[in-house]
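Written below as structure tokens is the structure these notes are about.
Where a number appears in this text, it was derived from the coordinates with a stated rule and is not lab data. Just so you know, these numbers come straight off a predicted model, no measurement behind them. Neighbour counts are summed over all protein chains in view; Cβ atoms, including those assigned to glycine, are modelled from backbone coordinates with ideal geometry.
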Amino acid sequence: MALTDPVPSRERPPDAAESPRAKAMTIGAVCKALEQEFPDISISKIRYLEDQKLLTPRRTPGGYRLYAQTDVQRLRTILRLQRDEFLPLRVIRQELAAGREAATAAPAPAAAPETGDPPTDPRPRRRVSMSVQGRGASYSLEDVLEETQAQASLVAELEDYGVIRGEMRGGVKYFDETEREIIRAVTELARYGVGGRNLRAFRTSADREAALLQQILAPALRSRNVDRRKEALDALENLAAVTTHLKHLLLIRDLRKIVGPPLTPPDR
């Protein structure tokens, strides 16, 4: 993985104004255009995606990148697939080659096992940009309970088992975006009788994976070179997506063993 970019990046290359493609954008302009939807977007992240052969912007004679509107839309699709479906870059590359566009909606929630009726789903469609590079906004316990429809006792149980931590400020407990989404997910699991004590395996697995990824990228993450460290953070995001995808595949494989062969409809 390349950790340096010999081509200088500027907000506006000298020949951009004369470009026959009036809608072409510089890398800085692309970053600014997408930062509202993707707060963790950065120039180094866009360069990293180019290094991974996911983007191929046009180059000016002076070596500057220029992005057409199709390039910007492709980048938006890549970022949405990362954020909303947690797909690793290799899978995203395959999806794009097959003409895939980013999903715009999450599947409907499963029916509750006791009644068969679809439970009320308080979750907004996944729009939170989960990133290892920032904790995002903070939410008071009251706000979290209202948004997730979780019980205060469940939140306390998750704290007792170390699944979430929260932070006291001015006598008020606050949670970051990731912890809020953890609470939301566990609230859904609670409908099926899953409690905090059942989540130890998830916590242990996550701790081990984090330690493995830290070991893989430790030298680059500790680098004093700003560009090298930023690209290491982008690589860490991708590795996290890869491990998430792998866990999903392994789970599906094991669940198929539990379910057994598909039912054959009776002959008529």
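General remarks:
- With both labels modelled 7 Å from their Cα along Cα-to-Cβ, the residue 165 to residue 211 distance reads 1.7 nm.
- Overall form of the stretch 131-260 per C-alpha gyration tensor (a/c, 1.5; a/b vs b/c): oblate
- Order of 72, 194, 144, 259 - criterion: other Cβ atoms within 10 Å of each residue's Cβ, fewest first: 259, 194, 72, 144
- A Förster radius of 35 Å, combined with the Cβ-Cβ distance separating residue 225 from residue 259, puts the computed FRET efficiency at roughly 0.10.
- Under-5 Å amide H pairs with residue 164, H placed in peptide plane, nonlocal only: 159
- Interchain or long-range residues, amide H under 5 Å from residue 173's placed H: 141
- With R₀ fixed at 30 Å, the C-beta to C-beta distance from residue 200 to residue 90 puts the FRET efficiency at about 0.45.
- Cα centroid separation, the stretch 156-185 to the stretch 186-222 (Å): 15
- Partner lysines for residue 173 [C-alpha distance under 23 Å; skip if fewer than 8 residues away on the same chain]: none
- Listed by chain and number, the lysines placed with their C-alpha closer than 24 angstrom to that of residue 230 are 32, 45, 53; residues fewer than eight positions away on the same chain are left out.
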